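Step one of this worksheet: look at the structure below.
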Amino acid sequence: MPRLPHALAAALAGLLLLPAPATARITDRDLSCAEWLKSGARGTSEYPAATQARIRAFCAANPTMKAIDAEMTMTGD
């Protein structure tokens, strides 16, 4: 069985520990995950550090996905 990349494994593990739904913190709806990560991954400071790390890991595993969609996926919004 092939091993999952570290970022994908972290993102999948994060799905098991999702916090209660919260409002979206990434405001630029057109920003891809790759662009968001290059910009310093700002916009998640209102989340606990573990949630921020899961969002960044999920974005690293899905660079073409919209950052706001990745955030909503990882936070349950």
Fill in: Fully extended contour minus Cα-Cα distance, from Thr64 to Lys38, at 0.36 nm per residue
8.1 nm
Item to complete: Hey, can you grab everything whose amide H is under 5 Å from the amide H of Ser32? Only 5+ residues off in sequence or another chain; H modelled, so Pro and N-termini drop out.
Response: Ala67
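FYI, it's all coordinate maths here, none of it is from the lab. Keep in mind that what you see is a predicted model, and the values were worked out from it rather than measured.
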